[in-house]
1. Go through the residues of the stretch 3-25 one by one and say whether even a single one is of a type outside the set (A, V, I, L, M, F, W, C), modelled with pLDDT of 80 or more and in a loop (DSSP other than H, G, I, E, B).
2. For a quick check of your reading of the model, give me the residue pairs whose first member lies in the stretch 52-67 and is over 14 Å from Gly35 (Cα atoms), whose second is surrounded by fewer than 16 Cβ atoms within 10 Å (Cβ to Cβ), with beta-carbon atoms closer than 6 Å and at least 6 apart or on different chains.
3. Go through the residues of the stretch 37-54 one by one and say whether even a single one is polar (S, T, N, Q) and within 13 Å of the chain's Cα centre (by Cα).
4. Write out, first by first residue and then by second, each pair whose Cβ atoms fall under 8 Å of each other, whose residues are 6+ apart or on separate chains, and whose first residue, in the stretch 6-18, is surrounded by 11 or more Cβ atoms within 10 Å (Cβ to Cβ) while the second is of a type in the set (D, E, K, R) and in a helix (DSSP H, G or I).
5. Among the candidates Arg50, Arg58, Arg78, single out the residue that is part of a loop (DSSP other than H, G, I, E, B) and either modelled with pLDDT of 90 or more or surrounded by 10 or more Cβ atoms within 10 Å (Cβ to Cβ) (or both).
6. For the stretch 11-43, give me the residue count where each residue is basic (Lys, Arg) and within 15 Å of Val54 (Cα to Cα).
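The values are calculated or read from the model by the stated rules, or taken from the named source; none is laboratory data. It should be emphasised that the depicted structure is a prediction, and the values quoted were computed from it without experimental measurement. Positions of Cβ are generated from backbone atoms using ideal geometry, with glycine treated the same way; all protein chains shown enter the neighbour counts.
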Amino acid sequence: MATGWAGDGAVQDQIDATVADAVRRARSRLQKGPGLSHCEECDAPIPAARRKAVPGVRLCVACQQAQDESAAAGLYNRRGSKDSQLR
C-alpha cells in the first residue's frame with residue numbers, strides 16, 4: 001500500500017505515541033501521597049489494604065462507588081428516541 005512520504009510503520013508509530021501521551025496524562029492526574037485514614041464523606045475508616053492499593057485515596061469503597069455511579073448516570077441517553085439522540 002502506498003503511503004506517500006511516510007515510512008513503513010509510521011501510522012502505527014503515531015498511534016503508539018498518541019496512546020503513550022494519553023497514558024502519561026492519565027497517570028499525571030492520579031492522586032499521589034498518603035491516603036486518608038477516614039473517608040472525607042462519611043468519616044468511616046478506610047482499610048489499610050485500600051490505602052496501600054489506591055495511593056491518595058480519599059473515599060471509602062461505598063462512597064467511591066456512589067460517586068462513580070452518579071458520574072456515570074449522566075453519560076447515557078435513557079429516553080431512546082431518535083430525536084433525543086440527534087440533539
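1. Our first condition is that a residue be of a type outside the set (A, V, I, L, M, F, W, C); within the stretch 3-25, this holds for 3-4, 7-9, 12-14, 16, 18, 21, 24-25.
Checking which are modelled with pLDDT of 80 or more leaves us with 9, 12-14, 16, 18, 21, 24-25.
Now drop any that are not in a loop (DSSP other than H, G, I, E, B), which leaves 9.
Scanning the stretch 3-25, I find at least one residue that is of a type outside the set (A, V, I, L, M, F, W, C), modelled with pLDDT of 80 or more and in a loop (DSSP other than H, G, I, E, B), so the answer is yes.
2. Close Cβ pairs (under 6 Å, with a partner that is surrounded by fewer than 16 Cβ atoms within 10 Å (Cβ to Cβ)) amount to Cys63/Glu41; Cys63/Cys42.
3. Residues of the stretch 37-54 that are polar (S, T, N, Q), as a first pass: 37.
Of the ones still in play, those that are also within 13 Å of the chain's Cα centre (by Cα) are none.
No.
4. Here the result reads none, with nothing in the stretch 6-18 linked to a residue that is of a type in the set (D, E, K, R) and in a helix (DSSP H, G or I).
5. Values: Arg50 fails: part of a loop (DSSP other than H, G, I, E, B); Arg78 fails: either modelled with pLDDT of 90 or more or surrounded by 10 or more Cβ atoms within 10 Å (Cβ to Cβ) (or both).
Just one listed residue meets the conditions, Arg58.
6. Taking the stretch 11-43 and keeping what is basic (Lys, Arg), we get 24-25, 27, 29, 32.
Cutting the leftovers down to within 15 Å of Val54 (Cα to Cα) gives us 27, 29, 32.
Adding up the residues that qualify gives 3.
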